[in-house]
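Data block below; observations after.
Just so it is clear, none of the values below were taken in a lab; they were calculated from the coordinates. Predicted model, so just to flag it, every value in this text is computed and none were measured. FYI the Cβ positions are ideal-geometry reconstructions off the backbone, even for glycines, and counts take in every protein chain you see.
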Amino acid sequence: MTDAEVIIEYQDVHKGFGELVVLNGVNLEVLRGETLTIVGRSGIGKSVMLKTLTGLLPVDSGHIIVDGDDVTTLGEDELRRVRRKIGMLFQSAALFDSMTIFENVAYPLREHTDFDEAKQLEVVRETLAMVDLPGVEDQYPDELSGGMQKRVGLARAIVLRPPIILYDEPTTGLDPITANVISRLIKRLQKRLEVTSIVVTHDLEHAFMVTDRIAMLHGGKIISVMRVDEFRRSRDARVREFVTGGLTEEELQSVGRLFT
């Protein structure tokens with residue numbers, strides 16, 4: 001993918017909250033059509049990177065270019081145009097409990113298109129089928145399992161067929177079997193829709209399943225961007241500590257967790 005076009009670029013991005021510095025000069029390029037996963041410890045700023053990308057959080061300095069637009073310089077009306085290019089699956093799925101599944105998934109269609117009710121229903125049913133949830137449009141979120149709710153959230157993220165999809169901790173809170181279902185679904189949609197995806201996670205097993213490249217956030221900066229095989233073999237002490245969870249090579253071998 002070395003000749004691929006850069007569709008998203010962070011340029012020396014800084015973001016803090018009071019005295020707490022979260023992003024301290026982030027530089028990162030995301031290539032069109034790839035899945036790039038941002039990993040790092042919990043609370044280190046991975047989700048903040050996604051929120052600055054969509055303009056939900058303003059940066060303190062630096063620039064973020066999304067498909068030719070610098071989101072750090074745009075007003076709200078222009079940001080709405082850029083956000084239409086981006087679908088996002090939130091960590092909690094973020095469904096509206098008082099709305100049916102149809103109403104939840106159709107929400108972006110009502111905000112950004114002039115589709116009538118019949119067309120909305122057609123698109124919603126097609127999109128729910130894409131995430132293996134046909135026939136649930138009349139149900140409510142609390143009638144579905146956590147994994148099903150995540151898939152509804154994913155359907156809402158892709159209902160406008162955006163060229164960019166962001167995933168914020170998509171497997172958090174799910175059992176291993178359900179997490180694998182979500183991982184396979186992300187991989188399948190990547191091929192079917194030919195989208196560019198950024199996945200934020202601390203779940204390395206999930207990252208290895210879905211991603212083309214892995215970027216590691218550490219100390220407010222992206223310290224490495226590597227393919228999965230390179231990441232597994234990395235001898236960088238900071239990468240190794242994250243991969244191994246602080247265990248020695250001997251301890252890893254004894255529990256079958258050696259990644260190299």
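Calculate the spin-label point distance for residue 63 paired with residue 113, positioning each point 7 Å from the Cα along the beta-carbon direction, and give it in nanometres.
3.4 nm
If each DSSP helix of 4+ residues adds -39,500 (n - 2.57) and the sum is divided by the residues in the chain, what number results at 222 nm, nearest 500 deg cm²/dmol?
Calculated from helices alone, the mean residue ellipticity at 222 nm is -11500 deg cm²/dmol.
Given springs between every Cα pair under 10 Å in a Gaussian network model of the chain, which of 222, 177, 198 has the largest fluctuation?
So, out of 222, 177, 198, the one fluctuating most is 177.
For the chain, what's the relative contact order in percent, using C-alpha pairs closer than 8 Å and at least 6 residues apart?
Worked out over the chain, it gives 24 percent.
Give a residue-ordered list of calculated ³J(HN,Hα) values for the range 41-56 (Karplus: 6.51 cos²θ - 1.76 cosθ + 1.60, θ = phi - 60°; whole Hz; x for Gly, Pro).
These are the phi-based 3J(HN,Hα) values: 5, 4, x, 8, x, 5, 5, 4, 4, 5, 5, 6, 5, 8, x, 5 Hz.
For residue 81, what charge total do you get from the other residues with a beta carbon under 12 Å from its beta carbon, if Lys and Arg give +1 and Asp and Glu give -1?
-1
Quick check: convex hull of the Cα atoms in the range 45-179, volume per residue, rounded to a whole Å³?
Dividing the Cα hull volume of the range 45-179 by its residues yields 118 Å³.
Stokes-Einstein diffusion coefficient for the range 88-160 at 4 °C in a medium of 1.567 mPa s, Rh from the Kirkwood formula over Cα pairs: what value in µm²/s?
110 µm²/s
Shape verdict for the range 1-102, please, from the Cα gyration tensor: rounded (a/c under 1.5), prolate (a/b greater than b/c) or oblate.
rounded
Have a look at the DSSP beta bridges in the chain and tell me what percent are antiparallel, nearest 5.
55 percent
Under a 10 Å cutoff between Cα atoms, tell me which one of 15, 119, 221 has the largest fluctuation in the Gaussian network model of the chain.
Fluctuation is largest for 119.
Using Cα atoms only, what is the angle between the long axis of helix 117-130 and the major principal axis of the chain, expressed in degrees (0 to 90) to the nearest 10?
30 degrees
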